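**Q** Got a structure for you, questions after.
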Amino acid sequence: QVQLTESGGGLVQVGGSLRLSCTASGGTFSNYAIGWFRQIPGKERRFVAAISRSGGSTYADSVKGRFTLSRDSTLNTVYLQMNTMNPEDTAVYSCAARPGVIVPRESAWNIWGQGTQVTVSS
């Protein structure tokens, strides 16, 4: 099965942009939907967005219109472009993979990256 590695986290100011990458290795990338979740201390991990094997995307209401997913199969990488960021976007962002369709629920995803910290400062 694939292994996932996130990159691109960091510190950004309110209204700024950041792009996260999720790169897969060790498996057939095209077999998996890729999702992004975020977690703040003391809270459960929450669905952010996901992209299907065919490239269709689903977004949480809180990020719709600000975040955009794209998928580069030649690089086995999914990108999460985050624009117009606000302090509520501060969290550890993790990508996940699952065979089959997108399910916006943490328990449905069985392969996870290590996570990357995103901090939006005001």
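**Q** Which Rg and Dmax, in Å, describe the Cα atoms of the chain?
**A** Considering the chain through its Cα atoms, Rg and Dmax are 13.3, 41 Å.
**Q** From the protein chains alone at 1.4 Å, what is the descending order of accessible area for 88, 6, largest first?
**A** Greatest to least solvent exposure: 88, 6.
**Q** Here is a follow-up. Ignoring ligands, DNA and RNA, what accessible area per residue does the chain give at 1.4 Å, in Å²?
**A** Averaged over the residues of the chain, the accessible area is 50 Å².
**Q** Okay, next question. Tell me the carbon and sulfur percent of the accessible area for the chain, rounded to whole percent, probe radius 1.4 Å.
**A** 47 percent
**Q** Going by average Cβ neighbours within 10 Å, how do the peptides 90-100, 104-114, 47-57 rank, with the highest at the top?
**A** 90-100, 47-57, 104-114
**Q** Between segment 16-75 and segment 83-122, what is the separation of their alpha carbon centroids in Å?
**A** 7 Å
**Q** Rounded to the nearest 0.05, what FRET efficiency do residue 107 and residue 31 have when you use their Cβ-Cβ distance and R0 = 22 Å?
**A** For residue 107 and residue 31, the calculated efficiency is 0.65.
**Q** Can you tell me the relative contact order of the chain? Whole percent, Cα pairs under 8 Å, sequence separation 6 or more.
**A** 36 percent
The values are calculated or read from the model by the stated rules, or taken from the named source; none is laboratory data. If you're wondering where the values come from, they're calculated on a predicted model, not measured in any experiment. Glycine also receives a Cβ, built like all others from the backbone with ideal geometry; neighbour counts cover every protein chain displayed. Accessible surface is based on the protein model in full, side chains and every heavy atom, while ligands, DNA and RNA are left aside. Shrake-Rupley method; radii C 1.70, N 1.55, O 1.52, S 1.80 Å.
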